[in-house]
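Written below as structure tokens is the structure these notes are about.
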Amino acid sequence: MKNYVESMGIIAPKAVYHNLSPAQLVEHALRRGEGKLTEMGALLVETGKYTGRSPNDRFVVDTEAVHNDIDWGKVNVPISREKADAIYNRMVSYLQGRDIFIFDGFAGADPEFSLSVRVINELASQNLFIHQLLVRPTQEELEKFEVGFTVIAAPGFKCIPEVDGVNSEAAIIVDFEKKRVIIAGSQYAGEIKKSVFSVMNYLLPKKGVFSMHCSANIGKDGDSALFFGLSGTGKTTLSADPERMLIGDDEHGWSSKGIFNIEGGCYAKCINLSKENEPQIWNAVKFGTLVENVIMDEETRTLDYSDGSLTENTRAGYPVTYIPNCAIPGVGAHPKTVIFLTADAFGVLPPISKLDKNMAMYHFVSGYTSKLAGTERGIVEPQTTFSTCFGAPFLPLHPSRYAEMLGSRIDEHNANVYLINTGWVGGPYGVGSRIKLRFTRAMVTAALNGELENVEFELDPIFNVLVPKTCPNVPDEVLSPRAMWEDKEAYDKQAKDLAARFVKNFAKYDNMPKAIIEAGPKA
């Protein structure tokens, strides 16, 4: 392994630790002062100034081999081969004489479509994280492991913007031609997993697999369900259902055989985590779990999940096997139910609505939600955003590639599609209140069990979606957002404003069929 490391340009490392166990990695992290143990044995770290993804620091190496594939723009920002190689060479020089931690794992629970990934870390704690987040090979698989992609993460290495042609000391550079990713300057572990996801979003569609930013679970009768949504909308919480088996909480592929988890772990938000509302996630925060930026009482070692003083984007990374009813291997049949999750800060979207195929295509392409504080650097209060396909920051190819694959699969497998708002009711953020989790869970359960198939729906005149008049275990008035506002005129104004934002955003998709355009909100 030392020869391999030196072949990467990391000459004379202090020590190379290859495929250590979680216990060994925790020991190294504690010895090196990277973190502390919590009351339940999880490893707690602080990630410094980078407590969320840094989208303005993400680049794709622009080469002739990939230039025509990439959807260049604000998400996929080009960097030259010369600049990328110069940063890489300085990074590997920085790693000389340092401890190196290496993990070999797979992205993709279906062997037919999996990618072998080697992750090289400066920090033992980050190596623990990716050990838990990727699919862990068997000993037999390790013996014949061949590297398909390499990720090198060195938070201590800082870029020089005026020299390197980047925007800050941090840089996440995806190099499809050389099959490597380098992550400089940021200790936020989410950059590692999302870089692997971006790579899979490039590779899987070329194999005819629809790659998805979603969580997934499976019922007792083998009925699979997908939950699309951006960070903070409830993917992890709602898919961790004690009545269903968890396939995965964030990234999946949908092939001609069914769905499969891209990861082997979960990366759950922890802000306001409670044992009552989210017992499965609560119990997963134990030895082997990496916790980021949660405040801890130094005497009792108890975590205060309500304290967002470092960031609202507190996180816990753990293997999916820490969820008692997880599905191993992480595969499932073709989904019967597809749920789009949004956290509407305006408080005007219906808590649940049913979508026909054209409505589903419209809302998938729109990807509306409100960015919640701390999910990205610089976001300190909720902001309205449209993230194409509920995952724009991770999509190297043109959005139409992913949208077309969703539409064809809805058609082929007759999946029911619902839009569920986990955000605010009775008024906008700061005036109204967050929809009660028990109501949202009841809506999800009703959708999954088919209990909404025989209820009466009415078409929302502004948002142009089908709203059920009743839903088991949910008060009827909660289903109507307008009924929850005291000032009806204020609701109408706010709803029309949001509808206009939908229309304005969708205008940029000038190649969309008329039927899909007309399936959207009415400004």
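The values are calculated or read from the model by the stated rules, or taken from the named source; none is laboratory data. This structure is a prediction, so every number in the text was calculated from the model and none was measured. So basically every Cβ, Gly included, is an ideal-geometry build from the backbone, and we count neighbours across all protein chains shown. Only protein heavy atoms, including side chains, enter the accessible area calculation; ligands, DNA and RNA are left aside. Shrake-Rupley method; radii C 1.70, N 1.55, O 1.52, S 1.80 Å.
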Next item on the list: Considering only protein heavy atoms, with the full assembly of protein chains and a 1.4 angstrom probe, order K357, K220 by accessible area, largest first.
Entry: K220, K357
Note to self: In Å, what Kirkwood hydrodynamic radius results for the range 1-67 from the alpha-carbon pair distances?
What the structure shows: 15.9 Å
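Given the rule -39500 (n - 2.57) for each run of at least 4 DSSP H residues, summed and divided by the residues of the chain, what is its mean residue ellipticity at 222 nm, to the nearest 500 deg cm²/dmol?
Helix-only estimate at 222 nm: -7500 deg cm²/dmol.
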Margin query: Looking at the calculated P(r) for the range 363-521, what percent of the C-alpha pair distances fall above 21 Å?
Written below: 55 percent
Item checked: With Cα atoms, 0 to 90° folded angle of helix 357-366 axis to the chain main axis -> 50 degrees
Next item on the list: Please provide three numbers in whole Å: the alpha-carbon extents of the range 32-156 along the principal axes, with the largest listed first.
Entry: 50, 39, 29
Note to self: Can you compute the modelled spin-label distance between A507 and Q24, with each label point 7 Å from Cα toward Cβ, in nm?
What the structure shows: 5.9 nm
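For a protection proxy built on the mean count of beta-carbon atoms within 10 angstrom, sort 298-307, 47-56 highest first, please.
For the peptides 298-307, 47-56, the packing ranking is 47-56, 298-307.
Based on the alpha-carbon gyration tensor of the range 174-223, what equivalent-ellipsoid semi-axes (square roots of 5 times the eigenvalues) come out, in whole Å, largest first? Intermediate values should be presented prior to the final figure.
Numbers: eigenvalues 151, 59, 7 Å².
Value: 28, 17, 6 Å, ordered largest first.
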Notebook entry, point to check: By the scheme Lys and Arg +1, Asp and Glu -1, what is the net charge of all other residues having a beta-carbon under 13 Å from that of D99?
Noted result: +2
Note to self: With +1 assigned to the C-beta of every Lys and Arg and -1 to the C-beta of every Asp and Glu, and no other charges, what is the dipole magnitude of the chain about the Cα centre in debye, to the nearest 20?
What the structure shows: 480 debye
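When the convex hull of the C-alpha atoms of the range 192-314 is computed, what volume per residue in Å³ does it have?
Working: hull volume 14.0 nm³, N = 123.
Residue-normalised Cα hull volume stands at 114 Å³.
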Note to self: Largest first and in whole Å, what are the equivalent-ellipsoid semi-axes of the range 70-228 based on the Cα gyration tensor, each being the root of 5 times an eigenvalue?
What the structure shows: 29, 20, 14
Next item on the list: Grab the beta carbon distance between K493 and I328, set R0 = 35 Å, and tell me the FRET efficiency rounded to 0.05.
Entry: 0.10
Note to self: For the ranges 462-468, 360-366, 445-451, what's the packing order if you count other beta-carbon atoms within 10 Å of each residue, average per peptide, and put the highest first?
What the structure shows: 360-366, 462-468, 445-451
Check: Among 125-131, 154-160, 188-194, how do they line up from the highest to the lowest mean number of other beta-carbon atoms within 10 Å?
Finding: 125-131, 188-194, 154-160
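Work out the P(r) tail for the range 277-422: percent of alpha carbon pairs separated by more than 18 Å, whole number.
Numbers: 7359 of 10585 pairs.
Every Cα pair in the range 277-422 considered, those over 18 Å come to 70 percent.
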Check: Per the Kirkwood formula on distinct C-alpha pairs, the Rh of the range 81-154 is how many angstrom?
Finding: 13.4 Å
Margin query: Could you tell me which residue out of G407, W424, M91 lies farthest along the dipole of the chain toward its positive end? Charges go on the beta carbon: Lys and Arg +1, Asp and Glu -1, centred on the Cα centre.
Written below: M91
Next item on the list: Please give the helix 190-203 orientation as an angle from the longest Cα principal axis of the chain, in degrees from 0 to 90, rounded to the nearest 10.
Entry: 80 degrees
Check: In the range 112-140, which residues have a backbone nitrogen under 16 Å from the label point lying 7 Å from K207's Cα in the Cα-to-Cβ direction?
Finding: 112-118, 135-137
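Count charges around L203 for me, please; just the other residues with Cβ under 12 Å from its Cβ, Lys/Arg as +1, Asp/Glu as -1.
Values: positive: K179, K206, K207; negative: D69.
Local net charge: +2.
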Next item on the list: Please work out how much length the chain gains when fully extended from D71 to A483, using 0.36 nm per residue of separation minus the C-alpha to C-alpha distance, in nm with one decimal.
Entry: 144.1 nm
Next item on the list: Just the number, please: carbon plus sulfur as a percent of the accessible area of the chain, 1.4 Å probe, no ligands or DNA/RNA counted.
Entry: 49 percent
Check: How big is the charge dipole of the range 170-251 about its Cα centre, in debye rounded to the nearest 20, if each Lys and Arg gets +1 on its Cβ and each Asp and Glu gets -1 on its Cβ?
Finding: 380 debye
Next item on the list: Provide the net charge surrounding R244, with neighbours chosen by a C-beta distance below 11 Å and charges set as Lys +1, Arg +1, Asp -1, Glu -1.
Entry: -3
Check: In degrees from 0 to 90, rounded to the nearest 10, what is the angle of the helix 124-133 Cα long axis to the longest principal axis of the chain?
Finding: 40 degrees
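Give, in nm to one decimal, the length gained when the segment between T385 and K514 is fully stretched (0.36 nm per residue of separation minus the Cα-Cα distance). Let's see the in-between values first.
Working: separation 129, 0.36 × 129 = 46.44 nm, distance 2.35 nm.
Computed gain between T385 and K514 is 44.1 nm.
Give me the orientation-averaged projected area of the Cα convex hull of the range 262-330, in nm², one decimal.
Details: hull surface 20.3 nm².
About 5.1 nm², averaged over all directions.
Taking the range 402-466 on its own, what percent of its Cα-Cα pair distances exceed 13 Å?
On the way: 1558 of 2080 pairs.
Value for the range 402-466: 75 percent of Cα pairs lie more than 13 Å apart.
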Item checked: Förster-model FRET efficiency, 22 Å R0, R98 and K36, C-beta, rounded to 0.05 -> 0.50
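As a test of the definition: which semi-axes, in Å, follow for the chain when you take the square root of five times each eigenvalue of its alpha carbon gyration tensor? Largest first, please.
Values: eigenvalues 282, 126, 100 Å².
After scaling each eigenvalue by five and taking roots: 38, 25, 22 Å.
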Check: Averaged per residue, what accessible area in Å² does the chain show with a 1.4 Å probe, protein chains only?
Finding: 39 Å²
